[in-house]
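What follows is a set of notes on a single structure, which appears directly below.
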Amino acid sequence: MRTPLDPSNLRRSFARITQRAGLGKWHPHELRHSAASLLSHSGVSIEEVADVLGHTDVRITSSTYRHLVADSIWAAVAPMEGLFGGN
């Protein structure tokens, strides 16, 4: 039988994984910021990004979640897509 994940355990495990990967201590919520930034950088409209994140207003998406993506970060996206089965 499956049981729901305990949010506290998930946060701790995620932080350990990101620290071991040399990324520092991350919170799972930061994945939303990363997704918004990468989608926006790749040309997805802010309205579509807001929809993916479940926002009813694009203001919160653009002011809080979307960040500029440095070229060095963007260069790492292609290899990650290969690892995760992207094109």
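Read-outs throughout are calculated quantities, based only on the coordinates presented, and are distinct from any laboratory measurement. In this text, all values refer to a predicted model and were calculated from it rather than measured experimentally. Methodologically, a virtual Cβ is constructed for each residue, glycine included, from the backbone with ideal geometry; neighbour enumeration extends over all protein chains shown.
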Around R66: net Lys/Arg minus Asp/Glu count, Cβ-Cβ under 14 Å: -3
Environment charge at S13 (Cβ cut-off 14 Å; Lys +1, Arg +1, Asp -1, Glu -1): +4
Acute angle (nearest 10 degrees) that the helix 30-41 long axis makes with the longest principal axis of the chain, alpha-carbon atoms: 20
Calculated FRET value between E81 and R12, using beta carbons and R₀ = 35 Å, to 0.05: 0.80
Diffusion constant of the chain at 25 °C, which comes from Stokes-Einstein with the Kirkwood Cα-pair radius and 0.890 mPa s, µm²/s: 167
Neighbour net charge for K25 - beta-carbon separation under 14 angstrom, K R +1, D E -1: +3
